[in-house]
Amino acid sequence: MRLKTRYEIGEIPHSEHPCPQAMRKDWLCLNGEWDFYKQAPTGGKAYEGKILVPFSPETLNSGIAEGFVLKSGEKLVYTRKATLGKNLLQGCTLLRFGAVDSECEVFVNGQKAGGHKSGFTAFALDVSKLIVEGENEIKVVCSDEGTRNHGARGKQNDKRGGIWYTPQSGIWQTVWLESMPKAHIGEFKITPNARTKTVRIQSGCEEEVQITVFDGEKEIIREKFSEEITLSYDFTLWSPENPKLYDFELCHPSGDCVHSYFGVRSFGKLRDGKGIMRLTLNGEPYFFNGVLDQGYWSDGMLTYPSDLAAQEELCMLKDMGFNTVRKHIKLEPMRWYYHCDRLGLIVWQDFVNGGGAYKFTHVAAFPFLGFHHRDGDYAYFAREDEGGRCEFMQASEETLAQLYNCTCIGVWVPFNEGWGQFDSAKVTEFIRSKDDTRIIDSVSGWHDQGEGKTELKSLHIYYTKLKVPKDSRPVVLSEFGGYSMKVDGHVFDESKEFGYKKFKTGEELVSALQVLYEKKLLPLIKKGLCGAIYTQVSDVEEEINGLVTYDREIVKVPVEKMREINQKIDQEAKKV
């Protein structure tokens, strides 16, 4: 049963600017009510009505009746009118989508504007030649075979249950128009360096542009450059303890201006005085104390109900004393990363997995017994389909480009527990070629390919004793815990529950967490443990091992109790 959260969604949900990392003044949010129908394979309409974008039709917040299912061969058809003024016809107008699951074609005024495949990454279409001043019609036709083919699907499964969740489809992030002159700022890149206290800006265009940097309201830098510049200043370094950000504006001679920001920080590795390899932030050993976040909501599924909801949840995690969030097998809207940037939460970002059928014995049971497999064996990992592997690499490149400028992201996680895993050493090199400023957790959990091939020894431990194995790489506990407690009236299914260790009362749960962290985890830090990611932020459907319930109504672990536990972890980490 779907449960409503307490958050108001309004007539135009998610109406804030969707990309604080690159804001222009001339834009138009296209969220809100769209005409909608489901098209049968024969061409007839299987369902017709209104839908509230950006919520998928399977969600309560969409306004569609509960029980909506998109079957194989069916399509979703969205249409709406948009009235445009001259400010949106400056020479170049882009129609942007935060995410559409999993494949779509887009039409403007009856003409095809383009399409996209991959249900979790953003894309933009140039509609400059298709739009007119006044009324325009936008049509989006979606199909979603993501749970049935080898494409990216994450935790979605047609046979939901346990750690697999109800699939969704169609538009699930913000849709908007943005206009600028024909000559304009391109897809710019920001690369900070904490050691040298510099920031490299690549403008994405050949013409000379101007950059102005602000510390609060004070202008501290104004320079002109072509293509690339390295800014040097006594920048305050960004960290969860002091999430200092600097606003800046890039302006093109054409009049195009983009507002953005950066934080100056560096992620890396070093060997401490005892010869133990540690992870670092800004050149110093740093313990990444985090929590796993599936990013699922009871009434919006992959889409959180409002910007306020996202902010409040991240503030809660910060108040609990966590400094890291592992975003698990999905991408969030860009505003979510902006809130992590400004609040001071490091993000370990998963890529979205795909591939063939999940083979529990191969991927999970054998590793639990100590058997690991080489990921060049595509059949073993259900990755025989070359098209699926190519799609993963394309989506990986899109993920890296989309999130590159986010200050908060410290770790890339291409593969999790062997799901859709293949050629992890080669994938690691590909990621490093695109971004050598962050750590790569190549194989989170299982099927480690060995020292010299990947950067971390990454463990998932739920049932056995926590440990730090001897390894030349930094050792992280990238999943652990999963303690569950059912809260009647706040669960997806009163008759089914999934968790790794079950407790009946909040007192029992808190007491168990104190033992887990203070007696079992804390002593491992001096032995070399570099990070720990607790499972998880919230319950998801029948998976009830969250710190809060699925409807976000009940905080099962009081904030002050979790903070007390994490303060002890932080104190121990500072001794390293």
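Just so it is clear, none of the values below were taken in a lab; they were calculated from the coordinates. What you see is a predicted model, and the numbers here were worked out from it, not measured in a lab. Cβ: placed from backbone, ideal geometry, glycine included. Neighbour counts: every protein chain shown.
The figures follow:
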{"read-out": "At 1.002 mPa s and 20 °C, Stokes D of region 480-526 from Kirkwood alpha-carbon radius, µm² per second", "value": "178 µm²/s"}
{"read-out": "Length added when fully stretched, residue 390-residue 511, from 0.36 nm per residue minus Cα-Cα", "value": "38.9 nm"}
{"read-out": "Relative contact order (%) - criterion: Cα under 8 Å, at least six apart; region: region 91-195", "value": "35 percent"}
{"read-out": "Protection proxy ranking of 187-198, 87-98 - average other beta-carbon atoms within 10 Å, highest first", "value": "87-98, 187-198"}
{"read-out": "Cubic angstrom per residue, convex hull over Cα atoms of region 1-81", "value": "136 Å³"}
{"read-out": "Kirkwood Rh, angstrom, region 433-568 [1 / mean 1/r, Cα pairs]", "value": "16.3 Å"}
{"read-out": "Calculated FRET value between residue 453 and residue 282, using beta carbons and R₀ = 35 Å, to 0.05", "value": "0.80"}
{"read-out": "Cβ-Cβ FRET estimate between residue 218 and residue 148, R0 fixed at 56 Å, reported to 0.05", "value": "0.50"}
{"read-out": "P(r) of region 180-223 over all Cα-Cα pairs, binned every 5 Å from zero, in whole percent", "value": "5, 16, 22, 25, 19, 10, 2, 1"}
{"read-out": "Linear extension gain, residue 234 paired with residue 1, 0.36 nm per residue minus alpha-carbon span", "value": "78.5 nm"}
{"read-out": "Mean Cβ neighbour count within 10 Å, used as a protection proxy, ranking 422-430, 446-454 highest first", "value": "422-430, 446-454"}
{"read-out": "Expected-Rg normalisation [2.2 N^0.38 Å, Cα atoms] applied to region 27-180", "value": "1.05"}
{"read-out": "Sorted by Cβ neighbour density within 10 Å, fewest at the top, the residues 475, 100, 576", "value": "576, 475, 100"}
{"read-out": "Cα pair distances of region 143-284 binned at 5 Å [whole percent]", "value": "2, 8, 13, 13, 10, 10, 10, 13, 12, 7, 3, 0"}
{"read-out": "Correct option for Rg/Rh (Cα atoms, Kirkwood Rh) [calculated from the coordinates] among [x] 0.95; [y] 1.01; [z] 0.98", "value": "[x]"}
{"read-out": "Rel. contact order, % - alpha carbon contacts under 8 angstrom, at least six apart, the chain", "value": "13 percent"}
{"read-out": "Pairwise label distance in nanometres, residue 560 with residue 360, each label 7 Å out on the Cα-Cβ vector", "value": "4.3 nm"}
{"read-out": "Paired Rg and Dmax values of region 215-296, which use every Cα atom, in angstrom", "value": "17.7, 57"}
{"read-out": "Cα pair distances of region 344-500 binned at 10 Å [whole percent]", "value": "10, 35, 34, 18, 3"}
{"read-out": "For region 254-357: Kirkwood Rh in Å [reciprocal of mean 1/r, alpha carbons]", "value": "16.0 Å"}
{"read-out": "Size descriptor, Kirkwood hydrodynamic radius, that averages inverse alpha-carbon separations across region 195-262, Å", "value": "12.7 Å"}
{"read-out": "Inter-label distance for residue 432 and residue 195, nm, one decimal - labels placed 7 Å from Cα along Cα-to-Cβ", "value": "1.5 nm"}
{"read-out": "Average silhouette area of region 128-193, convex hull of alpha-carbon atoms, in square nanometres", "value": "9.2 nm²"}
